[in-house]
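S.K.: Pasting a structure below so you can have a look.
The values are calculated or read from the model by the stated rules, or taken from the named source; none is laboratory data. Keep in mind that what you see is a predicted model, and the values were worked out from it rather than measured. Note that each Cβ is placed from the backbone with ideal geometry, even for glycine, and that neighbours are counted across all protein chains shown.
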């Protein structure tokens, strides 16, 4: 189980490859499914072109809540492993923002846990997006029904 | 020997930080019992409709008591992921 919050850009597919390689002894033969969600920065939002974004966070609390959400997922589903990586700081359109991956013996647990991790992260982990558009900077409003 | 005045640290994030023009401050606890009291002392504003609070890195109700050494935070709804 690994949780990372970092300013550095990352490639989610390389992260997954190296994580699977490092966890091979633990996972090989036991894992029947891995579910992965990658969230990336769009170059549009609410009808406007977005040039850049800054993600602010509350460092200690962010890690605290990512750990809580992960622990909850592990009590709800029989997970073999999970990996969560989230960026903060300045971002460019196309940059991966978040990676969530869940490994389990069966696909239902993997899909459900992956969905739970990203949904709970979005509503509870203290991150705030600020977009840069042609009209200036604006704080992003929380999502309603849009998912 | 002087006795240290009980104090708390208050942090602000995102649009609230920008609106208040500060990121952090230390307040004396005198006359303060709850998170709501901290908000009133720090901002002079009525209880906010759309601001969340945390005490020691955990979400907290505005009715929650505070004590010496606590770290409080106020911020708008979160938008990560």
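S.K.: So, residue A:113, is that one buried (at least 23 other Cβ atoms within 10 Å of the Cβ), away from chain B (no Cβ under 14 Å), outside any strand (DSSP E or B) and touching a helix residue (DSSP H, G or I) at 6+ places or on another chain (Cβ under 7 Å) or not?
M.R.: Yes; evaluated as a whole, the condition is true for this residue.
S.K.: Among the strands (runs of 3 or more DSSP E) contained in chain B, which hold 3 or more residues that are within 17 Å of residue A:57 (Cβ to Cβ)?
M.R.: B:52-55, B:71-75
S.K.: Please specify each residue of the range A:93-142 satisfying the condition of being touching a residue at least 24 places away in the same chain (Cβ under 8 Å) and at positive phi.
M.R.: Correct list: A:94 only.
S.K.: Condition test on residue A:73, is it touching a strand residue (DSSP E or B) at 6+ places or on another chain (Cβ under 7 Å), more than 11 Å from chain B (Cβ to nearest Cβ) and at pLDDT 95 or above?
M.R.: For residue A:73, the condition - touching a strand residue (DSSP E or B) at 6+ places or on another chain (Cβ under 7 Å), more than 11 Å from chain B (Cβ to nearest Cβ) and at pLDDT 95 or above - is met.
S.K.: In the range A:116-147, which residues are outside any loop (DSSP other than H, G, I, E, B), facing chain B (nearest Cβ under 9 Å) and under 13 Å from residue B:81 (Cβ atoms)?
M.R.: A:118, A:119, A:121, A:122, A:123, A:124, A:127, A:128, A:129
S.K.: Still on this structure, I have one more. Looking at the range B:55-72, which of the residues that are within 21 Å of residue A:66 (Cα to Cα) and surrounded by fewer than 18 Cβ atoms within 10 Å (Cβ to Cβ) is farthest from the other protein chains (Cβ to nearest Cβ)? Reasoning before the result, please.
M.R.: Quick first cut of the range B:55-72, residues within 21 Å of residue A:66 (Cα to Cα) only: B:55-61, B:71-72.
Going one step further and asking which of them are surrounded by fewer than 18 Cβ atoms within 10 Å (Cβ to Cβ), we end up with B:56-59, B:61, B:71.
Details: B:56: 9, B:57: 4, B:58: 7, B:59: 8, B:61: 15, B:71: 8 Å.
For the range B:55-72, the residue satisfying everything is B:61.
S.K.: Restrict the check to the range A:79-92 and report whether at least one residue is in contact (Cβ under 8 Å) with a residue 12 or more places away in the chain, within 14 Å of chain B (Cβ to nearest Cβ), more than 16 Å from the chain's Cα centre (by Cα) and surrounded by 19 or more Cβ atoms within 10 Å (Cβ to Cβ).
M.R.: no
S.K.: So residue B:75 ticks every box in (1) more than 22 Å from residue A:68 (Cβ to Cβ); (2) within 10 Å of chain A (Cβ to nearest Cβ); (3) under 11 Å from the mean Cα position of the chain (by Cα) but one. Which box is left unticked?
M.R.: With respect to (1) more than 22 Å from residue A:68 (Cβ to Cβ); (2) within 10 Å of chain A (Cβ to nearest Cβ); (3) under 11 Å from the mean Cα position of the chain (by Cα), residue B:75 is out only on (1).
S.K.: Restricting to the range A:9-46, name every residue that is under 30 Å from residue A:138 (Cα atoms) and free of Cβ contacts under 8 Å to residues at least 60 places away in the same chain.
M.R.: A:40, A:41, A:42, A:43, A:44, A:46
S.K.: Follow-up. Inside the range B:4-28, can you point out the residues that are in contact with a strand residue (DSSP E or B) (Cβ under 9 Å, 6 or more places away or on another chain) and modelled with pLDDT under 95?
M.R.: Answer for the range B:4-28, where residues must be in contact with a strand residue (DSSP E or B) (Cβ under 9 Å, 6 or more places away or on another chain) and modelled with pLDDT under 95: B:5, B:6.
The rows are residues; the columns are (1) under 30 Å from residue A:6 (Cβ atoms); (2) within 14 Å of chain A (Cβ to nearest Cβ); (3) surrounded by 17 or more Cβ atoms within 10 Å (Cβ to Cβ).
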site: B:26; (1), (2), (3): yes, no, no
site: B:31; (1), (2), (3): no, no, no
site: B:46; (1), (2), (3): no, no, no
site: B:53; (1), (2), (3): yes, yes, yes
